[in-house]
C-alpha cells in the first residue's frame, strides 16, 4: 500500500466542510441559525454587562441567492450591549472556539464559540462576503465598522474595510449578514415562532423586528429586572473522568492533594477526606504535593472518591426566569384565556444542576401568533434550553418525551394515547443548566435521560394540575349550560307527546309541565352548586398565583352573581321565561357566554399573586 | 306478547309517565338488559333467555333528551300501527327528520344520523319488551331463500286473506320467508326427511341446480351469512310445525360457529327478549367438522392472525368459551370442542372444500352430506 501523507486541518476547515452539523443543513435553517446566533450573542453580552437588552432585528430578501432555490437574505441584528473592543471583533466573529464562555459552567446561551463564526463562514461561502460589524463601547467616541471574514486555513478572523463612523448609539454592536437562504415565517421552524419564543423566555427584552410581509413590530419588555447569571461553582468530583481529574490538578501548582481536593472541588470537606482515607487512600498521598503525585496514586484516589458518598452538586449555578416574570411574558403569546406557570426548585439530574420551568397557556381560538392551534391539532410546544428556543428534531427531545408521558386527559385536555395533548394550548418548557446535554452540535435536541425526563414530567404535572382547576370550572359551566338548554328544549316536547298519546286534557298538561320543571330544576341546582365549588377552587388558585386568568375578577364576580341569584330553585328562572314569553335566552344563557362577552369588551386585566 | 297489546301498553306507559310528572315524581323506565352478562342458557329451554338484570332509565336533565326522542318515535309507531303502515328503520329515520323539518319546535329532537334513531328504536323495544316488527318496523328480508318440492306455505295477510304457496311449483325460484314468520302456516304435501340450512346462499343454489331437491324429500335453505330475523324465525317455524331434523352446513371457523350457528340455534344476546320466537334449538351442526378434514382429505388453511377480522373472531371465540352460557353448557360440548379445536389449531376449512373430494363429480358434496346425515356424523 502506498504511504499517504498525513495532514492536519484547522478547526475552521473542519466546520466549513461540516456546517450542517452546526445548524446550516438547509437554506431555511441557515437563516434561522444565523439570526439565532446573533441574538444569543447580543443577549448574553447585555446580561453580562447588566444592561436591559433592546434589540433591533431586520430580515429581508435582498435578491436571488447563488444556490438553487434560495434568496439572498439580509439579516441585521443590533443591540444596546456594552460593545466589543475593536481587537476582539475578529476573534468573536471569525475564529472558531474563541469564546469568553467556553467550559465556564455558567447558564449562558452561547457556550463554545462556534455558532456566530459558522454564520460568518456560511455568509462567506454563499455570498462571498463576511459579516459587517459595527461596534461601539462607552469609551469610544465613534463606532468602528468593518467586514469580518474567516481565514479558513488558519482559523483566524480577518477584518477588512475597517473604518470609523458616527453612530448615535452610546454603545452596542450591530451585525449584518448577507446569506443564501429561504425565509420561513410560520410553523415549527419559522422565524416568528423563534422570535415569539425568544420574547417568552426573556421578559426583560424589548424587541423591534421587521420581517417580510409584515409590518414592523415592537414587543416591549415586561420585566425591568436584568437577570444576573450566577457564577459557576467548583466541579463535583463525581462528574469527572480520570483524565479530567488529573488535568484539573495541574491548574493548582504545588499544593497538597487534600488541599487541592478541598479547594478545587465542591462537596469535599474534612469529613469527606476522612472517608476517602477509609476507602483505602493513604494519608501520605493526601499530604504530598499534587505535582509529585504519580498517575497510579491519582487513579487510586479517583476510585476512592467515587466510592465515597458525597453531597449532590450545588444548584447555585442555575438561574430561572421566575414565575412572576414568566407569567408576564406568557401574555405576549397571543390572546391568552388562562394559563399556569411553574418554576421547580433547581435539582440534580445525572449529576448536573438543572432547573425546569413550564408555562401552559390556552389561547383564544384563532388569536395565537403561532400556527396550528385548533381544537384537534396538537398543542404548540415551545422548547427552550438556557433560554434559547429549540425548533427542530422535537420528537427525540427530552421535553417532548416528558410531555407525551403525562396523562393530560386528567387535567381536561384531549390527548391521543402516548401523544401530545390537543387543542389551542401552548406548552412551553424551559430547561436551564450550565451543562445541558444536547444531542448534536447545533443544539436542537436535549438528550432524553430518564432522570431529566422525570424532572420535566413532574413540573408538567404540577402545572397541569394548576391549569385543570380552570378547565374543570369551564366544564361545569358547560354542564350547567347544557342542562338548562335541555330543560328549555325537551320538557315541552316530552309533555306534549305524552299528552297527545294519552289524549290528556290541558289541565294535566299544565300540571305535568310544572312538575317536570320542578323535577329537573333540582338537577340544575346541583350543577349550580358544582359550578360554585369549581369557581371557589379557581378563585383560590388565582389568589395563590397558581393559575392566571384574564379578567379573573370580572368573570368570577359575574358568574357568582348569577349562581347566587338562581341557586335556590330553577322554578323562579323558568317562571320568568314563561311570563315574558321571549325570555328563554335569558334563562338559559350560560354564565360562560356572559363572561366571554364581558371579556371581549373590558380591557384585559390580570390577577396574579 | 300479542301485537294488539303494544298500543295499549304504550298508552299505559305514557300515562304512568304523565302522572309521575304531574306529581313532580321522577319517572323511571325499566327495560330488560340485553347483553351477554344477562343471558342465561338452559338446555331444556334451548335458547338464550334474559336474566334478572334490568336497565333503569330515570328522568333527569341528562336523560330527558333520550326519553323525549323515545316518546316522539313511539308516537310515530302508534300512528303506523293504527293505519297499518310499515317502515324500515331507515324510513323511520327519514320520517322523524321530516317531522322535525316541518315542525320547528321539534328541532331539538333531530337525529344526526341513523345510528341515533336506531338506538332509540331498540330502547323502545326493550322498554315495551316487543320486537320491532310488532311496531310495524321491518328489516329487509335477507337470506333464507328456501327450496322444496314437498312444502306448502299458507300466509295470512294483514287484511286476513290467506295466500297459499306451493314451493314445488316455483321451479328454480326460491321462497323468501318474511321477517314476521309467525303469520305463516306450513304443510308437508309428502313426508319431508330433513331440512338443510347451507351457510352460503350460492352453494345452496348450486345444490338445487344440481338436483338436490329432486333426489331428496327435503327443505333446502341458504342462510346468507349471519341469519336474519327472517331466517331465524323461519327455522323455528320449520322445527315447530314440521318436526323434522334440521342440519346446518357451513364453514369450519370461529365466526361461523359463534356468530352464525349459535345465533341460529340459541339466538343472540342482543335479542334476549325475542329468542323464543327467533331460534331453532334442534338445529344440528353437520359440518364442516374437524374430523371431516382428515376423513375426506379436505383443503384447509391457517387462519391469518394478522388479519384484523380473523384475529377479532378468534378473540371473540376465546371470550365466548369463558363467558357465553351457550358454550359453557355441557349439552353443547360438541360445539365447544370444535371451538377449542379452532383456537388451538388456528386453521379453517370452507364448506366449498367438499368440491375438492371429486372435482369431476358435481354431486359429491351432496353425497357426503347425505352420508353424514345417515351416519349421524354431526354435533
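The values are calculated or read from the model by the stated rules, or taken from the named source; none is laboratory data. This one's a predicted model, so the numbers in the text were calculated from it and none came from an experiment. We place every Cβ from the backbone using ideal geometry, glycine too, and count neighbours over all the protein chains shown.
General remarks:
- Flag for residue A:236 being closer than 30 Å to residue A:46 by Cα, within 22 Å of the chain's Cα centre (by Cα) and surrounded by 16 or more Cβ atoms within 10 Å (Cβ to Cβ): no
- Within segment B:264-274, the set of residues being farther than 21 Å from residue B:200 by Cα and in contact with a strand residue (DSSP E or B) (Cβ under 9 Å, 6 or more places away or on another chain) comprises B:269, B:271, B:272, B:273.
- Reported count of residues in segment B:20-32, each being buried (at least 18 other Cβ atoms within 10 Å of the Cβ) and either without any contact (Cβ under 8 Å) to a residue 24 or more places away in the chain or within 14 Å of another protein chain (Cβ to nearest Cβ) (or both), is 5.
- Output for segment A:263-322, where each listed residue is under 23 Å from residue A:250 (Cα atoms) and touching a strand residue (DSSP E or B) at 6+ places or on another chain (Cβ under 8 Å): A:286, A:287, A:288, A:289, A:290, A:313
- Sole residue being out of contact with any strand residue (DSSP E or B) (no Cβ under 7 Å at 6 or more places or on another chain) and not in a helix (DSSP H, G or I), chosen from B:282, B:277, B:292, B:240: B:277
- Of all residues in segment A:1-23, those that are assigned to a loop (DSSP other than H, G, I, E, B), touching a residue at least 60 places away in the same chain (Cβ under 8 Å) and farther than 29 Å from residue A:82 by Cα total 1.
- Taking the criterion of being closer than 11 Å to residue A:487 by Cβ and more than 14 Å from chain B (Cβ to nearest Cβ), no residue of segment A:506-542 qualifies.
- Taking the listed residues B:337, B:333, the one that is under 28 Å from residue B:34 (Cβ atoms) and under 26 Å from the mean Cα position of the chain (by Cα) is B:333, with no other qualifying.
- Within segment B:202-241, being surrounded by 19 or more Cβ atoms within 10 Å (Cβ to Cβ), free of Cβ contacts under 8 Å to residues at least 60 places away in the same chain and over 16 Å from the mean Cα position of the chain (by Cα) holds for one residue alone: B:204.
- Any hit, segment A:481-501, residues being surrounded by fewer than 18 Cβ atoms within 10 Å (Cβ to Cβ), at the interface with chain B (Cβ under 7 Å from one of its Cβ atoms), over 30 Å from residue A:531 (Cβ atoms) and more than 47 Å from the chain's Cα centre (by Cα): yes
- Qualifying residues in segment A:126-165 (those that are farther than 26 Å from residue A:17 by Cβ and out of contact with any strand residue (DSSP E or B) (no Cβ under 7 Å at 6 or more places or on another chain)) - the one surrounded by the fewest Cβ atoms within 10 Å (Cβ to Cβ): A:141
- Residue in segment A:502-511 that is under 30 Å from residue A:25 (Cβ atoms) and either in contact with a strand residue (DSSP E or B) (Cβ under 8 Å, 6 or more places away or on another chain) or part of a helix (DSSP H, G or I) (or both) present: no
- Just one residue in the set B:119, B:105 is modelled with pLDDT under 95 and within 11 Å of chain A (Cβ to nearest Cβ); that residue is B:105.
- Applying the criterion of being surrounded by fewer than 21 Cβ atoms within 10 Å (Cβ to Cβ) and in contact with a strand residue (DSSP E or B) (Cβ under 6 Å, 6 or more places away or on another chain) to the residues of segment B:133-152, the residue that is farthest from residue B:177 (Cα to Cα) is B:150.
- Of all the residues in segment B:1-19, those that are touching a strand residue (DSSP E or B) at 6+ places or on another chain (Cβ under 9 Å) and away from chain A (no Cβ under 14 Å) number 0.
- Residue ranges of strands (runs of 3 or more DSSP E) in segment A:364-470 with at least 1 members over 25 Å from residue A:347 (Cβ atoms) and either at pLDDT 80 or above or more than 16 Å from the chain's Cα centre (by Cα) (or both): A:380-385, A:425-432
- Residue in segment B:76-84 that is assigned to a helix (DSSP H, G or I), at negative phi, away from every other protein chain (no Cβ under 14 Å) and more than 23 Å from the chain's Cα centre (by Cα) present: yes
- Checklist (1) in a loop (DSSP other than H, G, I, E, B); (2) within 13 Å of another protein chain (Cβ to nearest Cβ); (3) modelled with pLDDT of 90 or more applied to residue B:60, failing item: (3)
- Flag for residue B:40 being surrounded by fewer than 19 Cβ atoms within 10 Å (Cβ to Cβ), more than 12 Å from every other protein chain (Cβ to nearest Cβ) and not in a loop (DSSP other than H, G, I, E, B): yes
- The lone exception for residue A:358 - which of (1) touching a helix residue (DSSP H, G or I) at 6+ places or on another chain (Cβ under 8 Å); (2) modelled with pLDDT under 75 it fails: (2)
- Segment B:263-273, residues that are over 10 Å from the mean Cα position of the chain (by Cα) and outside any loop (DSSP other than H, G, I, E, B): B:272, B:273
- Sole exception among (1) closer than 30 Å to residue A:197 by Cβ; (2) touching a residue at least 40 places away in the same chain (Cβ under 8 Å); (3) touching a strand residue (DSSP E or B) at 6+ places or on another chain (Cβ under 9 Å) for residue A:343, by number: (2)
- Lone unmet requirement of (1) at pLDDT below 90; (2) touching a helix residue (DSSP H, G or I) at 6+ places or on another chain (Cβ under 6 Å); (3) closer than 20 Å to residue B:14 by Cβ; (4) within 14 Å of chain A (Cβ to nearest Cβ) for residue B:73: (1)
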